[in-house]
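The values are calculated or read from the model by the stated rules, or taken from the named source; none is laboratory data. Note that the structure is a prediction, hence the values are computed from the model and not measured. Neighbour counts run over all protein chains shown; Cβ positions are idealised from the backbone, glycine included.
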Amino acid sequence: MTSQPSHARTEAPEDAKAHLRASVRKARLHRSERRNEELAVALRDHVLQLPAVERAQCVSVYASRPHEPGTLPLISALHDRGVSVLIPCLGDGLQRGWAEYRGADDLVERAPGRPPEPSGTFLPGEALERADVVVVPALAVDVAGTRLGQGGGWYDRALTLARPDAPVVALTFTSEFHVDGALLPRESHDRPVNAVITPQGITSLPA
(Lines give C-alpha, C1' and ligand atoms only; values in the text may rest on other atoms or scores of the structure.)
Protein backbone atom coordinates (compact mmCIF):
# COMPACT_ATOMS: atom_id res chain seq x y z
CA MET A 1 0.00 0.00 0.00
CA THR A 2 1.32 3.44 -0.90
CA SER A 3 1.92 5.65 2.12
CA GLN A 4 0.27 9.04 2.34
CA PRO A 5 2.38 12.09 1.60
CA SER A 6 3.64 13.80 4.72
CA HIS A 7 1.46 16.87 4.24
CA ALA A 8 -1.66 14.68 4.19
CA ARG A 9 -0.75 13.39 7.63
CA THR A 10 -0.22 16.86 9.09
CA GLU A 11 -2.51 17.48 12.04
CA ALA A 12 -5.08 20.24 12.01
CA PRO A 13 -4.02 23.08 14.35
CA GLU A 14 -6.71 22.28 16.93
CA ASP A 15 -5.65 18.61 17.05
CA ALA A 16 -1.97 19.48 17.31
CA LYS A 17 -2.75 21.89 20.14
CA ALA A 18 -4.77 19.24 22.00
CA HIS A 19 -1.87 16.78 21.84
CA LEU A 20 0.61 19.41 23.00
CA ARG A 21 -1.61 20.42 25.90
CA ALA A 22 -1.93 16.82 27.07
CA SER A 23 1.82 16.33 26.90
CA VAL A 24 2.65 19.50 28.83
CA ARG A 25 0.03 18.89 31.51
CA LYS A 26 1.33 15.39 32.07
CA ALA A 27 4.91 16.61 32.40
CA ARG A 28 3.90 19.32 34.87
CA LEU A 29 2.46 16.76 37.26
CA HIS A 30 5.96 15.43 37.95
CA ARG A 31 7.17 18.73 39.42
CA SER A 32 6.92 18.86 43.21
CA GLU A 33 5.08 21.55 45.14
CA ARG A 34 8.34 22.69 46.71
CA ARG A 35 10.02 22.98 43.30
CA ASN A 36 7.05 24.94 41.95
CA GLU A 37 7.37 27.35 44.85
CA GLU A 38 11.08 27.86 44.12
CA LEU A 39 10.38 28.49 40.45
CA ALA A 40 7.59 30.94 41.30
CA VAL A 41 10.09 33.07 43.19
CA ALA A 42 12.44 33.05 40.20
CA LEU A 43 9.58 34.06 37.90
CA ARG A 44 8.63 36.88 40.27
CA ASP A 45 12.15 38.27 40.29
CA HIS A 46 12.38 38.28 36.49
CA VAL A 47 8.98 39.92 36.00
CA LEU A 48 9.83 42.66 38.49
CA GLN A 49 12.96 43.47 36.45
CA LEU A 50 10.95 44.39 33.35
CA PRO A 51 11.12 48.16 32.78
CA ALA A 52 7.41 48.21 31.90
CA VAL A 53 6.61 46.58 35.24
CA GLU A 54 8.95 48.86 37.19
CA ARG A 55 6.99 51.91 36.02
CA ALA A 56 3.53 50.31 35.97
CA GLN A 57 0.67 51.54 38.08
CA CYS A 58 -1.59 48.61 37.17
CA VAL A 59 -0.66 45.06 36.13
CA SER A 60 -2.95 42.20 35.21
CA VAL A 61 -1.76 38.81 36.50
CA TYR A 62 -3.46 35.41 36.47
CA ALA A 63 -3.80 33.64 39.83
CA SER A 64 -1.98 30.35 39.34
CA ARG A 65 -3.36 26.91 40.01
CA PRO A 66 -1.26 23.95 41.18
CA HIS A 67 1.29 22.85 38.55
CA GLU A 68 1.07 26.17 36.66
CA PRO A 69 3.96 28.65 36.65
CA GLY A 70 3.33 30.22 40.03
CA THR A 71 2.25 33.84 40.36
CA LEU A 72 1.34 34.33 44.02
CA PRO A 73 4.80 35.70 44.98
CA LEU A 74 4.59 38.10 42.04
CA ILE A 75 1.07 39.25 42.90
CA SER A 76 2.09 39.85 46.51
CA ALA A 77 5.22 41.78 45.52
CA LEU A 78 3.32 44.03 43.13
CA HIS A 79 0.68 44.70 45.77
CA ASP A 80 3.37 45.57 48.32
CA ARG A 81 4.76 48.10 45.83
CA GLY A 82 1.38 49.81 45.67
CA VAL A 83 0.64 48.53 42.17
CA SER A 84 -3.00 47.78 41.37
CA VAL A 85 -3.25 44.08 40.40
CA LEU A 86 -6.15 42.88 38.26
CA ILE A 87 -6.94 39.16 38.45
CA PRO A 88 -9.41 37.25 36.24
CA CYS A 89 -12.71 36.31 37.85
CA LEU A 90 -16.20 35.16 36.98
CA GLY A 91 -19.28 37.29 37.49
CA ASP A 92 -22.97 36.44 37.32
CA GLY A 93 -23.87 33.97 34.60
CA LEU A 94 -20.20 33.05 34.16
CA GLN A 95 -19.48 36.51 32.84
CA ARG A 96 -15.71 36.86 32.66
CA GLY A 97 -13.98 39.95 33.94
CA TRP A 98 -11.56 41.12 36.60
CA ALA A 99 -11.29 42.02 40.26
CA GLU A 100 -8.61 43.92 42.12
CA TYR A 101 -6.33 42.02 44.49
CA ARG A 102 -6.50 43.27 48.07
CA GLY A 103 -4.27 40.80 49.89
CA ALA A 104 -3.46 37.09 50.26
CA ASP A 105 -6.46 36.42 52.50
CA ASP A 106 -8.72 37.88 49.81
CA LEU A 107 -8.01 35.12 47.25
CA VAL A 108 -10.56 32.30 47.39
CA GLU A 109 -11.15 29.18 45.31
CA ARG A 110 -14.83 29.36 44.43
CA ALA A 111 -15.02 25.92 42.82
CA PRO A 112 -12.70 22.89 42.60
CA GLY A 113 -10.19 23.25 39.81
CA ARG A 114 -10.89 26.93 39.24
CA PRO A 115 -8.18 29.53 39.84
CA PRO A 116 -8.48 31.53 43.04
CA GLU A 117 -10.23 34.89 42.68
CA PRO A 118 -10.40 38.13 44.65
CA SER A 119 -13.63 38.66 46.53
CA GLY A 120 -13.96 42.33 45.64
CA THR A 121 -16.11 44.14 43.12
CA PHE A 122 -16.48 42.43 39.75
CA LEU A 123 -15.11 44.56 36.93
CA PRO A 124 -16.11 44.04 33.28
CA GLY A 125 -13.67 42.91 30.62
CA GLU A 126 -13.01 46.51 29.58
CA ALA A 127 -11.21 47.07 32.89
CA LEU A 128 -8.17 45.47 31.28
CA GLU A 129 -7.55 48.84 29.59
CA ARG A 130 -6.20 49.97 32.97
CA ALA A 131 -3.33 47.47 32.84
CA ASP A 132 0.10 48.76 31.85
CA VAL A 133 1.34 45.16 31.57
CA VAL A 134 -0.62 41.93 31.10
CA VAL A 135 0.90 38.70 32.48
CA VAL A 136 -0.70 35.59 30.97
CA PRO A 137 -0.35 31.84 31.53
CA ALA A 138 1.08 29.57 28.86
CA LEU A 139 1.51 25.85 28.37
CA ALA A 140 4.15 26.65 25.76
CA VAL A 141 5.54 29.58 23.78
CA ASP A 142 7.68 29.66 20.64
CA VAL A 143 10.21 32.19 19.34
CA ALA A 144 7.59 33.77 17.07
CA GLY A 145 5.52 34.75 20.11
CA THR A 146 2.82 32.11 19.68
CA ARG A 147 1.31 31.10 23.03
CA LEU A 148 -0.38 27.79 23.71
CA GLY A 149 -3.16 28.39 26.22
CA GLN A 150 -5.48 26.06 28.09
CA GLY A 151 -7.87 25.79 25.15
CA GLY A 152 -10.83 27.90 26.17
CA GLY A 153 -9.70 30.96 24.24
CA TRP A 154 -10.48 33.26 27.17
CA TYR A 155 -7.23 35.19 27.13
CA ASP A 156 -7.25 35.58 23.36
CA ARG A 157 -10.65 37.25 23.66
CA ALA A 158 -9.68 39.28 26.72
CA LEU A 159 -6.52 40.62 25.11
CA THR A 160 -8.53 42.35 22.40
CA LEU A 161 -9.48 44.80 25.18
CA ALA A 162 -5.91 45.45 26.33
CA ARG A 163 -4.22 48.71 25.38
CA PRO A 164 -2.01 48.39 22.28
CA ASP A 165 0.94 49.80 24.23
CA ALA A 166 0.61 47.31 27.12
CA PRO A 167 3.11 44.46 26.69
CA VAL A 168 1.73 40.94 27.00
CA VAL A 169 4.10 38.70 28.94
CA ALA A 170 3.72 34.91 29.08
CA LEU A 171 5.02 32.83 31.98
CA THR A 172 6.06 29.26 31.31
CA PHE A 173 8.60 26.69 32.45
CA THR A 174 11.97 26.49 30.73
CA SER A 175 11.30 23.23 28.90
CA GLU A 176 8.05 24.70 27.51
CA PHE A 177 9.76 27.58 25.68
CA HIS A 178 10.41 26.30 22.16
CA VAL A 179 13.77 27.78 21.23
CA ASP A 180 14.79 25.12 18.70
CA GLY A 181 12.91 26.63 15.77
CA ALA A 182 9.91 24.32 16.12
CA LEU A 183 6.88 26.61 15.86
CA LEU A 184 3.61 26.04 17.65
CA PRO A 185 0.37 25.86 15.67
CA ARG A 186 -1.17 29.31 15.39
CA GLU A 187 -4.76 30.10 14.40
CA SER A 188 -6.20 33.43 13.31
CA HIS A 189 -7.61 34.21 16.77
CA ASP A 190 -4.35 33.51 18.62
CA ARG A 191 -2.86 36.65 20.12
CA PRO A 192 0.96 36.64 20.12
CA VAL A 193 2.90 37.72 23.20
CA ASN A 194 5.63 40.34 23.45
CA ALA A 195 7.86 38.45 25.85
CA VAL A 196 8.22 35.11 27.56
CA ILE A 197 9.61 34.67 31.05
CA THR A 198 10.86 31.34 32.34
CA PRO A 199 12.67 30.69 35.61
CA GLN A 200 15.87 31.09 33.54
CA GLY A 201 15.17 34.63 32.38
CA ILE A 202 13.43 37.05 30.02
CA THR A 203 13.17 36.79 26.24
CA SER A 204 11.65 39.55 24.13
CA LEU A 205 9.70 38.29 21.14
CA PRO A 206 8.68 39.76 17.77
CA ALA A 207 4.94 39.79 18.54
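Could you say whether any residue in the stretch 62-73 is at negative phi, among the charged types (D, E, K, R) and in contact with a Pro (Cβ under 7 Å, 6 or more places away or on another chain)? Full working, then the answer.
The first filter runs over the stretch 62-73 and keeps only residues at negative phi, leaving 62-66, 68-73.
Next cut, among the charged types (D, E, K, R) only: 65, 68.
From what is left, the residues that are in contact with a Pro (Cβ under 7 Å, 6 or more places away or on another chain) are 65, 68.
Yes, because at least one residue in the stretch 62-73 is at negative phi, among the charged types (D, E, K, R) and in contact with a Pro (Cβ under 7 Å, 6 or more places away or on another chain).
Only one entry of SER60, SER76 meets the criterion of being surrounded by 17 or more Cβ atoms within 10 Å (Cβ to Cβ) and either closer than 20 Å to PRO164 by Cα or out of contact with any helix residue (DSSP H, G or I) (no Cβ under 6 Å at 6 or more places or on another chain) (or both), and that entry is SER60. Just one of the numbered conditions (1) at pLDDT 95 or above; (2) hydroxyl-bearing (Ser, Thr, Tyr); (3) not in a strand (DSSP E or B) is not true of THR121: (1). If you go through the stretch 107-123 and keep only what is over 17 Å from the mean Cα position of the chain (by Cα) and farther than 23 Å from VAL53 by Cα, you end up with VAL108, GLU109, ARG110, ALA111, PRO112, SER119, GLY120, THR121, PHE122. The residues in the stretch 41-61 that are farther than 16 Å from ASP132 by Cβ and either assigned to a loop (DSSP other than H, G, I, E, B) or in contact with a strand residue (DSSP E or B) (Cβ under 9 Å, 6 or more places away or on another chain) (or both) can be counted, and the count is 3.
One residue alone among GLY201, GLY151 is of a type in the set (Gly, Ala, Ser), modelled with pLDDT of 95 or more and surrounded by fewer than 19 Cβ atoms within 10 Å (Cβ to Cβ), and that residue is GLY201. Scanning the stretch 142-187 for residues that are in a helix (DSSP H, G or I) and more than 24 Å from LEU48 (Cβ to Cβ) yields TRP154, ASP156, ARG157, THR160, LEU161.
Looking only at the stretch 154-182, filter to residues that are over 22 Å from CYS58 (Cα atoms) and either of a type in the set (Val, Ile, Thr) or at pLDDT 90 or above (or both); which one of those is farthest from the chain's Cα centre (by Cα)? My answer is VAL179. Annotation: VAL193 fulfils all but one of (1) over 16 Å from VAL47 (Cα atoms); (2) free of Cβ contacts under 8 Å to residues at least 60 places away in the same chain; (3) assigned to a loop (DSSP other than H, G, I, E, B); (4) not aromatic (Phe, Trp, Tyr); the unmet one is (1). Looking at VAL134, VAL141, just one residue is of a type outside the set (Asp, Glu), touching a Phe, Trp or Tyr at 6+ places or on another chain (Cβ under 6 Å) and crowded, with 21+ Cβ neighbours inside 10 Å, and that residue is VAL141.
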